[in-house]
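The values are calculated or read from the model by the stated rules, or taken from the named source; none is laboratory data. Every value quoted in this text rests on a predicted model; they were computed, and no experiment measured them. Heads up, the Cβs are rebuilt from the backbone with ideal geometry, glycines too, and the neighbour counts pull from every protein chain shown. Calculation scope for accessible area: heavy atoms of the full protein, side chains included, ligands and nucleic acids excluded. Shrake-Rupley method; radii C 1.70, N 1.55, O 1.52, S 1.80 Å.
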Amino acid sequence: LPDVLAAVSGPVVVVPLLLSAGFHVHHDVARAVAEHPDAVASAPLGPDWSLAEIGASRLLQSGAHRRDTVVLGGSGSSDERAMADVDEAARRLGALWGGPVRVGHLGHRGTPLPEVVTQARADGAERVVVSSYLLAPGYFQDRALESGADLVTAPLLSASPDPALVELVVRRVEQARTVRAAWTARGSSV
């Protein structure tokens, strides 16, 4: 990011393609943006209701049923704000799905996803479905697939992105531009 920003002149909006506001947002992105005289960073993508809608859609596409126990499989983080964002994402998914959604983490901190799946079974779940709260395939999605769940949904970003995800990115750009305009109108730097 610092190299890309160094090659850009004029106003620029950085949209962290991350699902929570953790270390990378508060440190890496913030530092890179602070070093560019005309850059502003948007909020990360999540949590957001549109991501919950995509998650609920992925559950239906995977063959999940309302009677299944659903576990949101998200990245763990050393940043408590990121952990709170994942909890909020699970709450939103549960509100749309119509039932409680547990949280299991992949990597770093938090209760490991396989432990949450095992506990759901011990609590009497007939089927456990992991709702992948990951943006793309890769290492963590592979770990979710190995969690012992009966079903694991596809990550939020697919080969043909859901229009709601694209709209979310555009919305984050517009929100950051609005903040920039407000700061500029006050004569302050971003």
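A few notes on this one:
- Listed residues SER132, PRO112, GLN175: farthest to the positive end of the dipole of the chain (Cβ charges): GLN175
- Global form of the range 43-142, assessed from the alpha-carbon gyration tensor, a/c cut-off 1.5: oblate
- Packing around the peptides 27-37, 134-144, taken as the average count of other Cβ atoms within 10 Å per residue, puts them in this order, highest first: 134-144, 27-37.
- Highest mobility in the GNM of the chain, judged by mean-square fluctuation with C-alpha springs under 10 Å and restricted to LEU59, LEU165, LEU113, is found for LEU165.
- CD proxy at 222 nm, helix term only [per DSSP H run n ≥ 4: -39500 (n - 2.57); per residue of the chain; nearest 500]: -13500 deg cm²/dmol
- Globularity index of the chain, i.e. its alpha-carbon radius of gyration over 2.2 N^0.38 Å: 1.12
- Relative contact order of the range 111-190, defined on C-alpha pairs under 8 angstrom at six or more residues apart (%): 25
- Folded to 0 to 90 degrees: helix 163-185 orientation relative to the chain principal axis, Cα: 30
- DSSP assigns beta bridges within the chain; of those with both partners inside it, close to 0 percent run antiparallel.
- With Cα atoms, 0 to 90° folded angle of helix 80-97 axis to the chain main axis: 60
- Of the peptides 76-87, 150-161, the ranking by mean beta-carbon count within 10 Å, highest at the top, reads 76-87, 150-161.
- Here the chain has 56 percent of its accessible surface on carbon and sulfur atoms, given a 1.4 Å probe and all protein chains in place.
- Gaussian network model of the chain, springs between alpha carbon atoms under 10 Å - residue of ALA90, ALA21, ALA122 with greatest fluctuation: ALA122
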